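The values are calculated or read from the model by the stated rules, or taken from the named source; none is laboratory data. These numbers were taken from a predicted model, which means no experiment stands behind them. No Cβ is skipped: glycine too gets one built from the backbone with ideal geometry, and neighbour counts run over all protein chains shown. Protein only, heavy atoms only, side chains kept; ligands, DNA and RNA dropped before computing areas. Shrake-Rupley method; radii C 1.70, N 1.55, O 1.52, S 1.80 Å.
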Amino acid sequence: FSFRWCGPCKILGPRLEKMVAKQEGKVLMAKVDIDDHTDLAIEYEVSAVPTVLAMKNGDVVDKFVGIKDEDQLEAFLKKLIGA
């Protein structure tokens, strides 16, 4: 979840996209602008941006708020896919 005007989101977005691409299709990524989708922000209790939710079968299984470096993102994704 992000805002168009969110500086940290502009840093995290490309970094996360790169790390997701390294997972070779095991993880899908979707970006949601909470200015356009306030209903989703409320539903998933997003109170700060960037917020990253990891979902499996429609359920939130993990999440973090803020910027992470590539090592932290890789660990987050590997935990998600069970690698």
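Given springs between every Cα pair under 10 Å in a Gaussian network model of the chain, which of 52, 60, 20 has the largest fluctuation?
60
In degrees, nearest 10, range 0 to 90: what is the angle between the Cα axis of helix 7-21 and the longest Cα principal axis of the chain?
Roughly 30 degrees, rounded to the nearest 10.
For the stretch 1-48, run through the trypsin sites (Lys or Arg not before Pro) and keep only the ones in DSSP coil with at most 15 other Cβ atoms within 10 Å of their Cβ. Show your work: numbers first, answer last.
On the way: sites: 4, 10, 15, 18, 22, 26, 31; in loops: 4, 22, 26, 31.
When the trypsin sites (Lys or Arg not before Pro) of the stretch 1-48 are filtered for loop state and at most 15 Cβ neighbours within 10 Å, 4, 22, 26, 31 remain.
If I stretch the segment between residue 21 and residue 47 completely, what's the gain in nm (0.36 nm per residue apart, minus their alpha carbon distance), one decimal?
Fully extending the segment from residue 21 to residue 47 adds 6.6 nm.
Would you mind working out the accessible area per residue for the stretch 7-81, using a 1.4 Å probe, and quoting it in Å²?
Values: 4900 Å² over 75 residues.
With the other protein chains kept in place, the stretch 7-81 gives 65 Å² per residue.
What are the principal axis extents of the Cα atoms in the chain, in Å, biggest first?
Here the Cα extents, ordered largest to smallest, are 33, 28, 17 Å.
For the stretch 1-55, run through the GluC sites (Glu not before Pro) and keep only the ones in DSSP coil with at most 11 other Cβ atoms within 10 Å of their Cβ.
Details: sites: 17, 24, 43, 45; in loops: 24, 45.
In loop regions of the stretch 1-55 (DSSP not H, G, I, E or B), the sparsely surrounded GluC sites (Glu not before Pro) are 24, 45.
Over the stretch 7-81, what percent of the accessible surface lies on carbon and sulfur atoms, probe 1.4 Å? Write out the running numbers ahead of the final one.
Values: 2470 of 4900 Å².
Exposed carbon and sulfur together represent 50 percent of the surface.
Taking only Cα atoms, what is the 0 to 90° angle, nearest 10, from helix 70-81's long axis to the longest principal axis of the chain?
Its long axis makes an angle of about 80 degrees.
Once you have the Cα-Cα distance between residue 62 and residue 78, take 0.36 nm times their residue separation minus that, and quote the gain in nm to one decimal. Working shown, then result.
On the way: separation 16, 0.36 × 16 = 5.76 nm, distance 1.19 nm.
The span from residue 62 to residue 78 would gain 4.6 nm if fully extended.
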